[in-house]
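K.L.:
Handing you a structure now.
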Amino acid sequence: MDLSTTYLGLKLAHPLVPGASPLGDDVDTVKRLEDVGAPAIVLRSLFAEQIARERFSAFIHLERNGESFAEAISFFPRPDRFVMAPDEYLEHVRRVKAAVRIPVIASLNGTRPGSWRDYPQMISQAGADALELNIYHLPTDPEVGSDEVEELALQAVREVKRAVGIPVAVKLSPYFSAFAHFARRLDVAGADGLVLFNRFYQPDIDPEALAVVPSLQLSRSSELPLRLRWLAILSGRLKASLAVSGGVHDGRDAIKSVMAGAHAVQMVSALLARGPEYLGTVRQEMADWLEEHEYASLAEAQGSMGLRSCPDPEAYERANYMMILQGWTTGRHLVRS
Ligand SMILES: Cc1cc2nc3c(=O)[nH]c(=O)nc-3n(C[C@H](O)[C@H](O)[C@H](O)COP(=O)(O)O)c2cc1C
């Protein structure tokens, strides 16, 4: 079965790409992923705060009023808590590139233009085949409106696109009030791909300890429908390619994502839980499903459930919403356990 796809202009044998995570930290694990057929890999992110901190620390030592700067960055983890320092990250990109033949996508994580300094160029020079910009930002200032938030992200994309010649994907959260419009603006700004979506690691509250507790839970397939919705809405309407991230756990999830419009299907939780070899199982499940359902290739399914041909997606969404709520009261509910 031909599962080939094109993502960020990269020709991939199939769409299942290990997403940004510790899966790319160890060169041997990356080789294992390549051996089981991963067509590309996304490395963990280098955070803008790591880059700033490097510069700030040097500055603070020279400044008599250093305390105010120290306070401003005291919320962030200490440099030794990060898995890789910025220069180690560059070295890691070089080592991974030297060890495997598949495309290596590096990742920068931050919120605003300028925050990555010259790291986009340095990462590109280290050999990365593409760059994923993770704009993970929770706007909490009541004085800052959605236009300003979007503009910061757009400027960051324009700036990075000017700085590097490699393709640039943007990984986003779903919390934009007019997401389709924002996606189009990113497309116009030159983003080569959109990755839908970041997971927000919602901190919990411990009521006895009066403490905010960070928690990391691996994803579930139930997180996928939010992604499917936006993939389907954007499919075929942008130049940028689309990747799904969040909630893909088996071949069926992957097929649904591709039908909704994904060109690449990123997986992290499932591979962390079941090991790199599971990628081969999911690929086989996709091929089997397509064969059973008489598809000639994955390309035939790609975007087939997109809403491009739907005359009025907004009306469709309202209708779906009302039907589900009304269905409950009339006893014809559509609950799936
Ligand atoms: C342990 C761990 C580390 C991660 N590190 C990063 C990272 O450095 N940068 C990033 O953009 N996403 C990171 N992610 C998020 C994943 O790339 C992915 O978006 C998320 O896990 C949803 O995909 P999944 O449902 O396949 O797990 C991380 C996820 C996990 C579980």
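K.L.:
Counting other Cβ atoms within 10 Å of each Cβ, which trypsin sites (Lys or Arg not before Pro) in the stretch 230-310 have at most 13 and sit in a DSSP loop?
P.N.:
Answer in residue order: Lys239.
K.L.:
How big is the convex hull of the Cα atoms of the stretch 134-277, per residue, in Å³?
P.N.:
143 Å³
K.L.:
At a probe size of 1.4 Å, how large is the accessible area of Tyr7, to the nearest 10 Å²?
P.N.:
Ignoring ligands and nucleic acids, Tyr7 comes out at about 0 Å².
K.L.:
Could you tell me the accessible area of Arg53 in Å² (1.4 Å probe, neighbours in place), rounded to the nearest ten?
P.N.:
Arg53 exposes around 50 Å² with every protein chain in place.
K.L.:
May I have the convex hull volume per residue, in Å³, for the Cα set of the chain?
P.N.:
Looking at the chain, the number lands at 179 Å³ per residue.
K.L.:
Leaving out ligands and nucleic acids, and using a 1.4 Å probe, what accessible area per residue does the stretch 83-170 come to in Å²?
P.N.:
Normalised by residue count, the accessible surface of the stretch 83-170 is 45 Å².
K.L.:
Reachable aspartates and glutamates from Lys239, Cα under 14 Å, same-chain residues fewer than 8 places away excluded?
P.N.:
Reachable aspartates and glutamates: Asp187, Asp192.
K.L.:
Treating cross-link reach as a plain straight distance, find the lysines whose alpha-carbon is under 20 Å from the alpha-carbon of Lys31, omitting any fewer than eight places away in the same chain.
P.N.:
Lys11, Lys97
K.L.:
While we're looking at this one, here's another question. Considering all projection directions equally, how large on average is the shadow of the alpha-carbon convex hull of the stretch 237-337, in square nanometres?
P.N.:
8.7 nm²
K.L.:
Related question: Using DSSP to define loop residues, name the chymotrypsin sites (Phe, Trp or Tyr not before Pro) in the stretch 184-216 whose beta-carbon has at most 16 other beta-carbon atoms within 10 Å.
P.N.:
Within the stretch 184-216, the qualifying chymotrypsin sites (Phe, Trp or Tyr not before Pro) (loop, at most 16 other Cβ atoms within 10 Å) are Phe200, Tyr201.
K.L.:
For the chain, what is the calculated [θ] at 222 nm in deg cm²/dmol (nearest 500), taking -39500 (n - 2.57) for each run of four or more DSSP H residues and dividing by its residue count?
P.N.:
Rounded to the nearest 500, it is -13000 deg cm²/dmol.
K.L.:
Could you order Val258, Val144 by accessible surface area, starting with the largest, using a probe radius of 1.4 Å?
P.N.:
So, going from the largest accessible area down, we get Val144, Val258.
K.L.:
Still on this structure: Leaving out ligands, DNA and RNA, what percent of the accessible area of the chain is carbon and sulfur, probe 1.4 Å?
P.N.:
On the chain, the fraction of accessible area on carbon and sulfur atoms equals 52 percent.
K.L.:
Using 0.36 nm per residue, how much length does the chain from Lys239 to Arg220 gain when fully extended, once their Cα-Cα distance is taken away?
P.N.:
Gain on extension, Lys239 to Arg220, equals 3.9 nm.
K.L.:
Residues in the stretch 1-35 near a label at Val83, defined as backbone nitrogen under 20 Å from the 7 Å Cα→Cβ point?
P.N.:
Residues passing the 20 Å test: 16-35.
K.L.:
Within the stretch 99-241, what percent of beta bridges assigned by DSSP are antiparallel, to the nearest 5?
P.N.:
Close to 15 percent.
K.L.:
Per q in 0.12, 0.22, 0.23 Å⁻¹, report the Debye log10 I(q)/I(0) for the stretch 90-208, using one uniform scatterer on each alpha carbon and no solvent.
P.N.:
-0.48, -1.24, -1.32
K.L.:
Using a 7 Å offset from the Cα along the Cα-to-Cβ direction at both Cys310 and Arg95, what is the distance between the two label points in nm, to one decimal?
P.N.:
4.6 nm
K.L.:
Ile105 accessible area, nearest 10 Å², 1.4 Å probe?
P.N.:
0 Å²
The values are calculated or read from the model by the stated rules, or taken from the named source; none is laboratory data. Small disclaimer: the values here were computed from a predicted structure and weren't measured. Cβ coordinates were reconstructed from backbone atoms using ideal geometry, including for glycine residues, and neighbour counts include every protein chain displayed. Note: accessible area is taken over every heavy atom of the protein model, side chains too, but ligands, DNA and RNA are not part of it. Shrake-Rupley method; radii C 1.70, N 1.55, O 1.52, S 1.80 Å.
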